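The values are calculated or read from the model by the stated rules, or taken from the named source; none is laboratory data. Predicted, not measured: the structure shown is a model, and the values here were computed from it. With ideal geometry, Cβ positions are generated from the backbone for all residues, glycine too; neighbour counts draw on all protein chains shown. Just so you know, the surface numbers come from the protein's heavy atoms only, side chains and all, with ligands and any DNA or RNA stripped out. Shrake-Rupley method; radii C 1.70, N 1.55, O 1.52, S 1.80 Å.
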Amino acid sequence: MFSALADKDFRWFFTGYLTSKLGSAMAPVAIAFAVLHTGVGPGGLGWVMAARIVPVVLLLLLGGVFADRLGGRRVMIASDLLRCAAQAAFGLLVLTGHATLTAMIVASVLSGVGEGVFSPSLQALIPRLIPAGPRGDANALLSVAVSGAGVAGPALGGMIAAVFGGATGPASVLFFDSASYAVSIVVLLRLAHVPQPEPGEGSTIIRDLREGWDEFRSRTWLWLTTVQFGFFNALVWAPYLVLGPVVAEHRLSGAGAWGLVLASNSAGAILGGLALLGRRPRRPFLVSLVAAFGYVFTPALLASSLPLPFVCAAAAVTGVGGAVGSALDTTVMQQRVPVEVLGRITAYQTLGAFALGPLGLVIAGPLGSAFGVAAFLAFGAVFQFATVALILAVPAVRRLDLEDTDLSEPSATVVETVIEPSPSGG
């Protein structure tokens, strides 16, 4: 069941990844308290949050190029170094009373730059880190790590901020987040026998991006599901995040109810990831698409008149479907995309999937007011069901698992670099 953890390199990586994800999940609570503590108000908090998101979107494609040129591990180390320094500086600004709005925006931009180049590198690293056999378990465990951190992180961050109070509480959480990136850096430096790309002939960034785009658009199953996920984020998930609290306030007894819905979703995601361990579906891509039907349940139940326990159950089903679909889709990507372009293709996929998300967040409120909150949420549920069903009807998608192509192993252009652990390491 835990075959991936039998690999020493993956055990180290999983430890560092889980630690950094826990710190990252704690940070938003601390940042919110820290920014509001300075007196800049909700408007200032919005600027600080946007300052992190914008670089993530803008740098995804460049991060994909660097991941394929330099190897995911190297880029991830650079990313974690930047985020470690940014969060430490943010915490120091808050602790010393020098957290002006401009300074906090700069710290958030630096953190966003690190995050933007990190995501494609994670996909590019895994096929080089662990063999194809246990790779499905590895992706399931990483999904569990993200979901588990999503449950524990905000609660732990809020508790630390409340216990210490004042500026010390948020600063302490930010320092913990910085330290979590330091742990990840140490782990990445220790990884042994990680293949690295061999320096190739001179190539421009534009040429690399064009090559990645050609690889991306040549795969119908990939660009089609990316387009669907992009509209899903705008028309299903963004309204869920914006209008769900409205439903909770008016029908489900308030903020506490919404917290239970979110917790149920995270708990379902953990269960979904754990359920995948030790299992290798014969048709993983088909299963990942069927799992996407899970996203129908939460908006549908929020749009209904059913009480909170039913909505929480729906959120748990959504969490299970999301975790199963994400882990299997990632495994299929790592199997069917050449490792030499995996970073760039991941960047295109991520950009396409989330580009419409901010627009969806902006229009959810006005459209909910115009058409009715329940009606708009119900539309999202119907949209998700219909679009997933249409994708399943496409032959190139439905038959993908019947093909035997496996491009997950590094080609002859990859050389192996052995990094010896430092004598002082644990």
Worksheet, complete the sentence: Given the candidates Ser172, Val317, Ala257, the one whose Cα lies deepest towards the positive end of the charge dipole of the chain, counting +1 at each Lys or Arg C-beta and -1 at each Asp or Glu C-beta, is Ala257
Discussion item. So if a site counts as exposed when it's one of the GluC sites (Glu not before Pro), its DSSP state isn't H, G, I, E or B, and it has at most 15 other Cβ atoms within 10 Å, what's the longest stretch of the chain without one?
Written reply: 202-402
Item to complete: For Thr220 and Arg283, calculate 0.36 nm times their separation in residues minus their Cα-Cα distance, and state this gained length in nm to one decimal.
Response: 21.0 nm
Worksheet item: In nm, to one decimal, how far is the Glu249 label point from the Leu5 one, both placed 7 Å along Cα→Cβ?
Response: 4.3 nm
Discussion item. Classify the stretch 347-393 from the C-alpha gyration tensor, please: rounded if a/c falls under 1.5, else prolate or oblate depending on whether a/b exceeds b/c.
Written reply: oblate
Worksheet entry | Accessible surface, the chain, averaged per residue in Å² (probe 1.4 Å) | 43 Å²
Worksheet item: Membrane-span-like helices in the chain: DSSP H runs reaching 24 Å or more (Cα, own axis), mean Kyte hydropathy at least 0.0?
Response: 8-37, 41-70, 72-96, 101-129, 135-164, 168-190, 255-276, 308-336, 373-392
Fill in: At R0 = 35 Å, FRET efficiency that the Cβ-Cβ distance of Leu36 and Leu81 yields, to 0.05
0.75
Worksheet item: In a GNM of the chain with a 10 Å cut-off on Cα contacts, which of Gly72, Gly352, Gly114 has the highest mean-square fluctuation?
Response: Gly352
Discussion item. Name the residue from Ala85, His37, Leu95 whose Cα lies farthest towards the positive end of the charge dipole of the stretch 29-168, charges +1 on Cβ of Lys and Arg and -1 on Cβ of Asp and Glu.
Written reply: Ala85
Worksheet item: Once the Cβ-Cβ distance between Thr100 and Ala179 is put in as r, and R0 is 30 Å, what FRET efficiency do you end up with, to the nearest 0.05?
Response: 0.75
Discussion item. What figure, in Å² to the nearest 10, do you get for the accessible area of Ile185 with a 1.4 Å probe and non-protein molecules left out?
Written reply: 20 Å²
Worksheet item: Among rounded, prolate and oblate, which fits the chain when a ≥ b ≥ c are the square roots of the eigenvalues of its C-alpha gyration tensor, a/c under 1.5 means rounded, and a/b larger than b/c means prolate?
Response: oblate
Discussion item. Quick check on the stretch 50-188: take the gyration tensor over C-alpha atoms, sort the square-rooted eigenvalues as a ≥ b ≥ c, and tell me if it's rounded (a/c under 1.5), prolate or oblate.
Written reply: oblate
Worksheet item: Roughly to the nearest percent, how much of the accessible area of the chain is carbon and sulfur, given a 1.4 Å probe?
Response: 71 percent
